[in-house]
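Reviewing the structure listed below.
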Amino acid sequence: DSFTVTLCSNASTGFQWSESAQIGDQTVVRQTNHEVVPPGKAMPGAPGQEVWTFEALKKGTSTISMEYSRPWEGGEKAEWTFNLTVAVK
């Protein structure tokens, strides 16, 4: 089975979520995709979304985390963090 995580994002501010999620136990889940979804209306400053797809590999528990940062040198790091605990049954 697979599942998705969708988070609000606004590239016009220079911030973006981690391309690859940090996964606590990669034998339980793995990331299969990450995509940036632009805003529905092309307006300056309009927010979009970022969507990650994960696949459950086996029964167990794992953590998933991402950071919202400005990735360039000297940019703000971990302005927001997203943490999730996944239980595969």
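The values are calculated or read from the model by the stated rules, or taken from the named source; none is laboratory data. Remember, it's a predicted structure, so these values are computed and weren't measured experimentally. Ideal geometry is used to build each Cβ from the backbone, glycine not excepted, and the neighbour counts take in all protein chains shown. The accessibility values were calculated without ligands, DNA or RNA, using every heavy atom of the protein model including side chains. Shrake-Rupley method; radii C 1.70, N 1.55, O 1.52, S 1.80 Å.
Annotations
- Selection within segment 80-89 - open to solvent by 80 Å² or more (accessible area, probe 1.4 Å) and of a type in the set (A, V, I, L, M, F, W, C): TRP80
- Any chance LYS58 is assigned to a loop (DSSP other than H, G, I, E, B), over 16 Å from ALA78 (Cβ atoms) and modelled with pLDDT of 95 or more: yes
- Qualifying residue in segment 13-36 (condition: farther than 16 Å from ASN83 by Cα, aliphatic (A, V, I, L, M), open to solvent by 90 Å² or more (accessible area, probe 1.4 Å) and part of a loop (DSSP other than H, G, I, E, B)): no
- Any chance GLY40 is touching a helix residue (DSSP H, G or I) at 6+ places or on another chain (Cβ under 7 Å), open to solvent by 30 Å² or more (accessible area, probe 1.4 Å) and closer than 16 Å to ASN10 by Cα: no
- You will find that of LYS77, LYS59, the residue that is touching a Lys or Arg at 6+ places or on another chain (Cβ under 7 Å) and either open to solvent by 50 Å² or more (accessible area, probe 1.4 Å) or free of Cβ contacts under 8 Å to residues at least 12 places away in the same chain (or both) is LYS59 and no other.
- When residues of segment 43-56 are limited to those that are within 11 Å of the chain's Cα centre (by Cα) and open to solvent by less than 40 Å² (accessible area, probe 1.4 Å), the one farthest from THR4 (Cα to Cα): GLU50
- Selection of segment 65-89 for residues being farther than 19 Å from PHE15 by Cβ and outside any loop (DSSP other than H, G, I, E, B) yields LEU84, THR85, VAL86, ALA87, VAL88.
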